[in-house]
Structures are given as C-alpha cells and as structure tokens.
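Encoded as structure tokens, the structure appears first; notes follow it.
The values are calculated or read from the model by the stated rules, or taken from the named source; none is laboratory data. Values in this document were obtained by computation on a predicted structure and should not be read as measured data. Reconstructed Cβ throughout: ideal geometry from the backbone, glycine too, with neighbour counts over all protein chains shown.
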Amino acid sequence: MNQESSTSSQGSEEKMLGYITNVSPMKNSGSKKYFNFNVHTKSKTKRGVCFSPNKRPTMTNFQNQKVPVKIEHFRTNSSPTGTDVIIHQQTNITSTVLSEEQMFTPVSVPTDTITSLNTIKNAIPEQFVTIKAKVHSLGSVKRITTKLNQVLRKQEGILLDPTGQIKILLWEDQVDSVKDGETYIFKNIRVKDNQFKERYLNPPKNINEYSCTSTCEYEEKLPEAEVIPDTIVEATGNICGIANLSKSKICLVCGTNIIPKNNQNGNCPKCKMIVRIKSCNDDWHLKIIFVTNQKKTLRLSVFNSEFNLLLSLCNLQRSCTEDEITEALLNLDDDLQIEYDAVTN
Ligand SMILES: [Zn+2]
C-alpha cells in the first residue's frame, strides 16, 4: 500500500478478542479495494486494514452493535506507528462473549462526530478525527528542505477548544488555508505523533476526505494557550572556522547513507537494495564556527540541504572537493546573514 511496507516486518497470529470501531469508507489503492478500522483489545488499540471488501457490512454491524468479536487467522504488520492488523479473505470475524476476566470497555475516538481535544490522547496515530477548534498563534510560512532536497512550505499553529490545545501542522497547499483567531470544524484531520512522541494534527493530502469549514466561536471560555517560542533566530557575521567536514553517498530513493560493498556498489540498509555508488548523490556534512558582528561565537551544524546554500555562495558545484569548499568558505569577504535554530544549533 505504501513505500513503508518494505521496511516493516510481517507476521501472522491466530486469535484476537476485541471491539471494532472507526470502520472507514471503501478506499482504492491501484486496483486493490480496502478499508481501515480500529480494533480495541484489552491492552491496546490497533490500526487495521481489511482487503476483503465483502467483510465491510459485517464489521460495520459489529461496530454499531458494540459487540465483542473474535478475529481468527489474520496477519500483522509492524509499521513505525505500531503493529497493524491485516484482515484478508481467509480471516474469520465472529461475535463472541467475553469471560469476566476478558471483559473491558473500549475507549474509542470517533472519526466523524466532533471530538474534544482532550480525548485525542485516546486516538491512535494516523487516525482521522473531527474537531471544532479556534486557531491560535498561527506562525509564518517557513521553507523546510528535506533530506531528499525537496523544498516544502510549512506552517505551525495551535488549536484550542474548551478542553485543551493541540498543535496543527500545515504543509504546501494547506499553508494559509486557515486564519488566526477564526474557529473551524476540521473534518477528517489526521492524528500524528512526531519523533518525540508529541501529538499533533495534520490535514491529510487526500482532500476528498478532509474539510475545514469556518464556524461560530465557542461560547465557553477557552484555556490560555501555551505557546512554544519560536527558536529560529537571525544573525549576521562571518564563517571563521570549519570542522568535521565529511562527504558520503546517500541512497537515491530514501536518502539513507550507503554502506559501500566494493568500489562500484553499495548497500542501502533501509531499502535493502544494492545500488551503483556512481549514481548516488553526495551527502555533505560539516560544522561551521560562525562569529556574529556582536562577537558571539556559534558552532553550527550544516547538513546536506543547507550545504547547497553554501555552494552557491562560493560558486562551486556539488562535485567539488573538501579542500575547495573549505578554502572558499573561509575566504568569503562579505557579511553573511543566517537563520539558525537556537536550541539545536
Ligand atoms: Zn534507500
């Protein structure tokens, strides 16, 4: 279904007891038809994918009747967001009765009715939710360079409702799609966790499912927003030193560092593929000692994406040598204006 499946591991399990919720409409991936759902077991809530369209009416019934079910002969797929349950033609799903020991009450977060922000902690990553919230502290549009050298526009803000707050991230076409201070109903917005396990919301790329409609303000008092300060600062000065300069090869597909096998070929550990080293891109990394006009010394990391900016300042190509770039950077005469993250440098 997506590129990530190549990096995840698959398994099969015999039996699972739980409740079905959040059965999605039918979806297409190429010629394959599928739908998503959640399954709540006593210990966990998991995401599920069903590739057997004729099971949708039965599963919708189990969801609506809130009856416990027994799922047999299903597969599992570990993805970065957890272990997903995969239902196929041979999987059996039947209603069941839980013993006193097995019994529990599932806490589910609905997809299509308005959910309060404090219950989003019960949702599972990648789940769609519908909320009514006021946009607060909408930031300016920033340009972010990805590891594959794509430049993307990104905007951050805070959403508030009477029960709490959550961060919203807008990318590309979604930028400036909401106004600061306005209240909206966000239908089918996606729940995400970042690498620090912080929860935020992000509209899905598929705009058929997602909508954002302006609505009346909350009459209840909203909590005071806790604004995380912007850590990007500007400085003017000169590059006075270069350290840890290194150049390596990265995978054409995913941007991971290539492990060389011999002079010609290397291994991408993420794509599990052998690649021709000659066709891989160079990945540059270095630290610059930057002295500001206020005589403050900064030690800043420069990654591949920002390295292009340094190259164009020096009129050099990506294929230049380590010595050429060092020489050129240390001989730049004019003052440089930079933006850096004061927390991570
Ligand atoms: Zn790769």
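Table for the structure above
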read-out: Pair list, Cβ under 7 Å, 6 or more apart: the stretch 202-224 residue free of Cβ contacts under 8 Å to residues at least 40 places away in the same chain, other residue among the small types (Gly, Ala, Ser); value: 212/177
read-out: Wholly enclosed strands (runs of 3 or more DSSP E) of the stretch 82-175 bearing at least 3 residues under 25 Å from residue 205 (Cα atoms); value: 82-87, 128-136, 142-145, 151-161, 164-171
read-out: Given (1) over 20 Å from the mean Cα position of the chain (by Cα); (2) modelled with pLDDT of 95 or more, number of the condition residue 224 does not satisfy; value: (2)
read-out: Residue satisfying all of: in the stretch 236-266; more than 16 Å from the ligand (Cβ to nearest atom), surrounded by 12 or more Cβ atoms within 10 Å (Cβ to Cβ) and within 30 Å of the chain's Cα centre (by Cα); nearest to residue 337 (Cα to Cα) among these; value: 245
read-out: In the stretch 110-162, residue surrounded by the most Cβ atoms within 10 Å (Cβ to Cβ) [restricted to those that are farther than 20 Å from residue 225 by Cβ, touching a Ser or Thr at 6+ places or on another chain (Cβ under 7 Å) and without any contact (Cβ under 8 Å) to a residue 24 or more places away in the chain]; value: 152
read-out: Search result, residues across the stretch 236-286 that are in contact with a Ser or Thr (Cβ under 6 Å, 6 or more places away or on another chain) and either at pLDDT below 85 or outside the structural domain of residue 305 (by TED's automatic domain parsing) (or both); value: 283
